[in-house]
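*Asks:* This is the structure I want to talk about, given as structure tokens.
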Amino acid sequence: MTTGAPTPAYPTSDRPGRPQPQPRRSRLRTFVPLGLAAWLVLEIWLLTTVAGASSGLVVFLLLIAGFVLGSVVIKRAGRRAFRNLNEALQRGAAPSRGGNGLMMLGGLLLMIPGLLSDVVGLLLLLPPVQKAVGAFAERRLRAAAATPGTLGDAFQQARIHRPDGKVVQGEVVRDDR
């Protein structure tokens, strides 16, 4: 019977008056906001330092130049990715792996106002840096997909179609002993 009350996210303890302890926050949920805040403070500090050393007009022109360069890079990388996809589809083969994603990320970082993001964006436009970052990201994603209980298990779900048309959502459980 349904009462309309929301189901608690975490079951309560079997002892009255003592709720079950909340699960610990992951490191990523703790450090990503702190990292973004530190990045923002550093960007503002760099902008004020450069504005104090030269002038506000120079900083403004640097930010405008970064935005324009970033938009050109994103447009060019998007066209290249689309052209590669069309050529691969016409050949009937899989699209080639290029550095278009990292090039677009570099263009996006150039478009974000800030000098540090511009430097990182310019570095991502260099082919050796693209290769190194791409190889690192691929290793990390393969390791994450192979670890049980992570992204690799997200695709290990099953759906059972019953004769009455209802779909029962399930999960594949492997016992790898």
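*Asks:* Using only protein heavy atoms and a 1.4 Å probe, report how much of Val50 is accessible, in Å² to the nearest 10.
*Replies:* 40
*Asks:* Could you tell me the accessible area of Thr49 in Å² (1.4 Å probe, neighbours in place), rounded to the nearest ten?
*Replies:* 60
*Asks:* Describe numerically, in nm with one decimal, the distance between label points set 7 Å from Cα along Cα→Cβ at Glu138 and at Leu40.
*Replies:* 3.6
*Asks:* I would also like to ask the following. Per 0.36 nm of contour for each residue apart, how much would the distance between Leu126 and Thr48 grow if the chain were fully extended, relative to their Cα-Cα spacing?
*Replies:* 25.3 nm
*Asks:* Now a separate question. At 1.4 Å probe size, with no ligands or nucleic acids counted, give the accessible surface of Trp39 in Å², nearest ten.
*Replies:* For Trp39, solvent-accessible area is about 100 Å².
*Asks:* From the Cα gyration tensor of the range 18-90, with a ≥ b ≥ c the square roots of its eigenvalues, which class applies: rounded if a/c is under 1.5, or else prolate if a/b is larger than b/c, or else oblate?
*Replies:* Because a/c hits 1.5 or more and a/b fails to exceed b/c, the range 18-90 counts as oblate.
*Asks:* Heavy atoms only, 1.4 Å probe, whole protein assembly: order Arg80, Arg91 by accessible area, highest first.
*Replies:* Sorted by accessible area, descending: Arg91, Arg80.
The values are calculated or read from the model by the stated rules, or taken from the named source; none is laboratory data. Computed from a prediction, not measured in an experiment: that's the story for all the values here. Glycine also receives a Cβ, built like all others from the backbone with ideal geometry; neighbour counts cover every protein chain displayed. Only protein heavy atoms, including side chains, enter the accessible area calculation; ligands, DNA and RNA are left aside. Shrake-Rupley method; radii C 1.70, N 1.55, O 1.52, S 1.80 Å.
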